[in-house]
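The values are calculated or read from the model by the stated rules, or taken from the named source; none is laboratory data. Only a predicted model underlies this, so the values are computations on that prediction, with no experimental measurement involved. Here Cβ is always computed from backbone atoms with ideal geometry, including for glycine, and neighbour counts include all displayed protein chains.
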Number of protein chains: 2
Amino acid sequence: MASRGSGRQPKYQRIADELKAAIEAGEYGPGDRLPGENELMARHEVARMTARQALGVLQAEGLAEARKGAGVFVREFRPVRRRGVQRLSAGTWREGRSLWETDTAGRELAVEGVSVTEEEPPEDVAGTLRLDGGAPACVRRRRFVLDGRPVLAATSYLDAALVAGTAITEADTGPGGTYARLDEIGRAPVRFREEVRSRMPTAGETEQLGLAAGTPVVLVRRTAFTDDGRAVEVNDMVLDASAYVLEYDIEA
Amino acid sequence: MASRGSGRQPKYQRIADELKAAIEAGEYGPGDRLPGENELMARHEVARMTARQALGVLQAEGLAEARKGAGVFVREFRPVRRRGVQRLSAGTWREGRSLWETDTAGRELAVEGVSVTEEEPPEDVAGTLRLDGGAPACVRRRRFVLDGRPVLAATSYLDAALVAGTAITEADTGPGGTYARLDEIGRAPVRFREEVRSRMPTAGETEQLGLAAGTPVVLVRRTAFTDDGRAVEVNDMVLDASAYVLEYDIEA
């Protein structure tokens, strides 16, 4: 989704970009058939291989799928049903499963662009984590790509001194992820709070999540608490609103 | 919020509409001082009383507030912190409190436009409530106005045969509301599911909630279940996304 100079890019890429723009503008909706190779050849005066490559880009990015003998179609994206309660049960991470597996069973999930840094966190996060006097946080950033489509960007903050030496400071946190590692150092979360908001995306969020025009983002801030009531992680998530249903079960 | 012909309305109303448009466009942000009476008199060539009436409209609608000796300011709206778990505890309605009281303590809340009808519900709602063969639902519609600003529109569906003869079919459901009345007929909810989505509003929702441009809506569908696992109510809520933070507490 990086921006490119328009003059320098190969022809197939320009055709792919045009098709993507048409999909984003709603000219082709979910399940619609895209123009075939013959049509693209005539319309853009290119060779069959170029037309084929253009359609290949969209398939590689998960925006379209080929159906044998019928053509290439705009993918129908099923929203993720994110089960707020079940996914956070201690059973999930103690068994070495990721929270994501509970949401996306049978679908193709990639975690991209993982970065782990030490930074001074935003003031409100520092307050929640009780990081005083500019004490650094371990900051984990990553993006989740489902069926080829980026759907969520997450930034987690933890006390850098607390998690030093654990796999939380590495790109791969290992089976069960951050919560399993916190459990191993005696700081397992026992309670979570999720705060949910929605607004229109910033330009950066639109770029990062490849959002179609007119698509809001859902912001979820999850704070994980240990049994002494201390906040041990703050995770700021930005969700493509068109890709998600958030589900919460509540006892009366 | 009804649209009006521009020629027929009184001068103070036209000036108020201009000020409202400027607030919605962000020319005056939350906490900003609006033009005073003298300025409006000069700008619009009107009498002091007309300028005062125009500012009065904005105050009456909750968009602005007068501060003694300092002028009239755009109201700073605090988002509602909607506590998904605490508000739904049986204690709330058994004690005769409304769910809303737990969110909006100390603020001015009005429920407007209550309508109660019998209708065939949408197909998915009928399925959830197990209303077969066109059996009617009791449909309760209302709008919540907080500090003078509409923030939420709700439509509840219940089995009309089940709730016949209870106050659920009346505009005022009485202390503790619908759930307290269900309790009285032995159908108290013991579990709730909330499904949260977000999208840009329809024209009707923009009108109904008086949404500023570029403001998404949050859609919350709450389903209430009795102890035999039957769904007893489906409540479709449309929230002004700029007015809400939804909070959910979750045990690990």
Please work out which one of (1) farther than 18 Å from B:Val196 by Cβ; (2) free of Cβ contacts under 8 Å to residues at least 40 places away in the same chain; (3) among the β-branched types (Val, Ile, Thr) is the condition A:Val220 fails and give its number.
(1)
Could you go through the stretch B:83-94 and let me know if any residue there is in contact (Cβ under 8 Å) with a residue 40 or more places away in the chain and closer than 25 Å to B:Thr215 by Cα.
yes
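This table checks each residue for (1) in contact with an Asp or Glu (Cβ under 9 Å, 6 or more places away or on another chain); (2) closer than 27 Å to A:Ile15 by Cα; (3) in the same structural domain as A:Ala241 (by TED's automatic domain parsing).
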site: A:Arg52; (1), (2), (3): yes, yes, no
site: A:Val57; (1), (2), (3): yes, yes, no
site: A:Arg67; (1), (2), (3): no, yes, no
site: A:Gly96; (1), (2), (3): no, no, yes
site: A:Arg107; (1), (2), (3): yes, no, yes
site: A:Ala110; (1), (2), (3): no, yes, yes
site: A:Arg130; (1), (2), (3): yes, no, yes
Answer with yes or no whether B:Glu184 is more than 23 Å from the chain's Cα centre (by Cα) and of a type in the set (Asp, Glu).
yes
Hey, any hits in the stretch A:159-168 for a residue that's at pLDDT 95 or above and part of a strand (DSSP E or B)?
yes
When you scan the stretch A:144-151, do you find a residue that is assigned to a strand (DSSP E or B), surrounded by fewer than 20 Cβ atoms within 10 Å (Cβ to Cβ) and of a type in the set (Lys, Arg), even just one?
yes
Restricting attention to the stretch B:62-81, does a residue exist that is outside any loop (DSSP other than H, G, I, E, B) and within 17 Å of B:Leu246 (Cβ to Cβ)?
yes
Could you please tell me which pairs satisfy a Cβ distance under 8 Å, a separation of 6+ or placement on different chains, a first residue in the stretch B:197-214 that is among the aliphatic types (A, V, I, L, M), and a second residue that is in a loop (DSSP other than H, G, I, E, B)?
B:Met200/A:Gly214; B:Met200/A:Thr215; B:Met200/A:Pro216; B:Met200/B:Pro216; B:Leu209/B:Pro201; B:Leu211/B:Pro201; B:Ala213/B:Ala25
The residue that is nearest to B:Gly214 (Cα to Cα), considering only those in the stretch A:177-231 that are more than 9 Å from chain B (Cβ to nearest Cβ) and of a type in the set (Val, Ile, Thr), is A:Thr202
Condition broken by A:Glu95, with the remaining ones in (1) within 14 Å of chain B (Cβ to nearest Cβ); (2) closer than 27 Å to B:Val220 by Cβ satisfied:
(2)
Could we say that A:Ala224 is of a type in the set (Gly, Ala, Ser), modelled with pLDDT under 95 and on the phi < 0 side of the Ramachandran plot here?
no
Got a sec? Which of A:Ala137, A:Ala70 is farther than 30 Å from B:Val220 by Cα, more than 14 Å from chain B (Cβ to nearest Cβ) and buried (at least 18 other Cβ atoms within 10 Å of the Cβ)?
A:Ala137
Would you point out which residue out of B:Gly214, B:Gly177, B:Gly210 is in contact with a strand residue (DSSP E or B) (Cβ under 8 Å, 6 or more places away or on another chain) and at pLDDT below 95?
B:Gly210
Considering only the stretch A:98-120, state which residues are at pLDDT 85 or above and either within 14 Å of chain B (Cβ to nearest Cβ) or in contact with a Lys or Arg (Cβ under 7 Å, 6 or more places away or on another chain) (or both).
A:Val111, A:Glu112, A:Gly113, A:Val114, A:Ser115, A:Val116
Exactly one of these conditions fails for A:Ala110: (1) in contact (Cβ under 8 Å) with a residue 40 or more places away in the chain; (2) in contact with a strand residue (DSSP E or B) (Cβ under 7 Å, 6 or more places away or on another chain); (3) of a type outside the set (D, E, K, R); (4) closer than 30 Å to A:Pro189 by Cβ. Give me its number.
(1)
For the stretch B:216-237, indicate whether the set of residues that are surrounded by fewer than 21 Cβ atoms within 10 Å (Cβ to Cβ), acidic (Asp, Glu) and assigned to a loop (DSSP other than H, G, I, E, B) is non-empty.
yes
Can you name every residue in the stretch B:232-252 that is more than 10 Å from chain A (Cβ to nearest Cβ) and of a type in the set (S, T, N, Q)?
B:Asn235
Do you know which residues across the stretch A:24-53 are under 28 Å from A:Leu209 (Cα atoms) and outside any loop (DSSP other than H, G, I, E, B)?
A:Glu24, A:Arg33, A:Leu40, A:Thr50, A:Ala51, A:Arg52, A:Gln53
For B:Thr166, all conditions in the list (1) surrounded by fewer than 20 Cβ atoms within 10 Å (Cβ to Cβ); (2) under 17 Å from the mean Cα position of the chain (by Cα) hold save one; what is the number of the exception?
(2)
Can you pull out every residue in the stretch A:65-80 that is under 15 Å from A:Ala16 (Cβ atoms) and touching a residue at least 40 places away in the same chain (Cβ under 8 Å)?
A:Val74, A:Arg75
Residue, farthest from A:Arg143 (Cα to Cα), within the stretch A:172-196, restricted to residues that are without any contact (Cβ under 8 Å) to a residue 24 or more places away in the chain and assigned to a helix (DSSP H, G or I):
A:Glu184
Determine if the stretch A:203-211 includes at least one residue that is closer than 26 Å to B:Met200 by Cα and among the acidic types (Asp, Glu).
yes
